[in-house]
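This report refers to the structure that appears directly beneath it.
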Amino acid sequence: MNQSNWFSIDDLELQHQTSPANPPVIKERKLPEKLDMDSILSQYKQIEINSNLIKYIVFENEITENSKQINVKSKIKLKCEERDLEGNLANKGTNNIQATKISMASSIPYIQGLRSAFLTMKEGDIAWFKLSNEQMYTEQEIASGIPVQNLQKYFKIDILEVTQPELPIDLTSLENRLKQMELFKIEGNQFYEKQQYQSALLRYQRGLNFLEKWPKKFESNPVAIEAKRNSLLVLSSNKAQCLIKLQDYKQAISVLEPLIGQMRNKQYEVKNYYRLISCFHKIDEQVKADFYYRQVIHMCQLSQEEKHLFNSIKFKK
């Protein structure tokens with residue numbers, strides 16, 4: 001590893017003796033007469049990225065199939081050390097000199113200013129960057145009278161980890177569309193189990209919106225037609241149940257009533273009749289409740305337990 005022979009800026013170092021009887025001895029460390037970052041960085045391979053940014057390679061990780069190159073959507077864990085022309089540490093005592101996480105999509109000026117630098121790196125790389133772009137300076141620094149050519153900063157960046165965003169599913173294939181539909185249902189169910197009914201409702205609704213954008217090329221495919229129909233009924237049924245939990249009974253009725261006839265012989269048919277009848281009772285629409293009560297009694301083969309359940313609604317006062 002081509003490590004830097006970087007020095008410590010501190011001019012004093014404590015060396016503790018092995019004997020507790022002896023106090024710590026302060027030993028002076030000999031430093032160069034004048035610290036000059038340009039001289040120090042001259043030992044490294046230099047690459048001009050643009051007119052305001054020069055890269056000095058300290059260590060470059062090998063390129064492999066699994067190399068994680070930084071892109072505009074990456075999330076990064078890094079260490080960043082900032083120094084001025086004389087080598088004075090500018091961000092001492094801040095979190096930046098420790099491992100920190102950033103997103104390349106962030107609008108923070110520091111990240112925007114070093115975006116070009118980050119995009120030349122990958123996981124495991126270490127490099128210095130000389131930056132002379134005025135956008136990285138405060139108004140006070142620019143107004144201080146320092147010549148523009150001296151408005152330079154130096155950043156040592158150590159890329160510890162790069163996380164790439166997941167690529168969107170290719171929805172041009174039927175298989176992937178079916179997977180995406182199932183994912184909306186699964187995510188909604190997970191929120192529902194946690195009693196986060198509003199979040200579950202939004203997931204089911206996203207699934208229904210997804211179905212509305214069904215590609216025409218699948219409209220003649222029997223497998224796609226049946227999958228779309230089943231997903232529509234399941235997502236609508238789950239959406240209605242969330243609305244009931246949120247006590248929005250009229251909205252739940254508007255979801256269930258148009259589809260109840262399409263649920264014939266489905267395993268959730270009786271369940272949705274129960275939901276629909278319960279909602280009509282909640283808003284005191286007895287005529288509608290009785291209508292669907294007669295339907296479920298005559299059309300569905302109810303177990304004794306289910307009959308008792310429906311009767312408990314009908315005769316509830």
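Overview of results
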item: Which numbered condition Gly87 fails, given (1) more than 30 Å from the chain's Cα centre (by Cα); (2) surrounded by 14 or more Cβ atoms within 10 Å (Cβ to Cβ); (3) without any contact (Cβ under 8 Å) to a residue 60 or more places away in the chain; result: (3)
item: Filtered residue count, the stretch 281-307, keeping only those that are within 22 Å of Asn265 (Cβ to Cβ), part of a helix (DSSP H, G or I) and modelled with pLDDT of 75 or more; result: 12
item: Residue match in the stretch 181-194 (condition: out of contact with any strand residue (DSSP E or B) (no Cβ under 6 Å at 6 or more places or on another chain), outside any helix (DSSP H, G or I) and under 17 Å from Val234 (Cα atoms)); result: no
item: Answer residue from the stretch 234-243, given it is within 22 Å of Ser312 (Cβ to Cβ) and touching a helix residue (DSSP H, G or I) at 6+ places or on another chain (Cβ under 6 Å) and is surrounded by the most Cβ atoms within 10 Å (Cβ to Cβ) among those; result: Ala240
item: Of all residues in the stretch 265-280 being part of a helix (DSSP H, G or I) and of a type in the set (Phe, Trp, Tyr), the one that is farthest from the chain's Cα centre (by Cα); result: Phe280
item: Ile97 modelled with pLDDT under 85 and either closer than 15 Å to Ser132 by Cα or not basic (Lys, Arg) (or both); result: yes
item: Filtered residues of the stretch 196-210 (kept if free of Cβ contacts under 8 Å to residues at least 24 places away in the same chain and part of a helix (DSSP H, G or I)); result: Ser199, Leu202, Arg203, Arg206, Asn209
item: Within the stretch 207-236, tally of residues that are polar (S, T, N, Q) and closer than 11 Å to Lys185 by Cα; result: 2
item: Selection status of Glu62, in contact with a strand residue (DSSP E or B) (Cβ under 9 Å, 6 or more places away or on another chain) and acidic (Asp, Glu); result: no
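Per-residue answers, yes or no, for (1) modelled with pLDDT under 90; (2) surrounded by fewer than 17 Cβ atoms within 10 Å (Cβ to Cβ):
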position	(1), (2)
Arg203	no, no
Gly207	no, no
Pro215	yes, yes
Ser220	yes, yes
Lys228	no, no
Lys245	no, yes
Ala252	no, no
Leu256	no, no
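The values are calculated or read from the model by the stated rules, or taken from the named source; none is laboratory data. Given the structure is predicted, the values throughout are model-derived calculations rather than measurements. Heads up, the Cβs are rebuilt from the backbone with ideal geometry, glycines too, and the neighbour counts pull from every protein chain shown.
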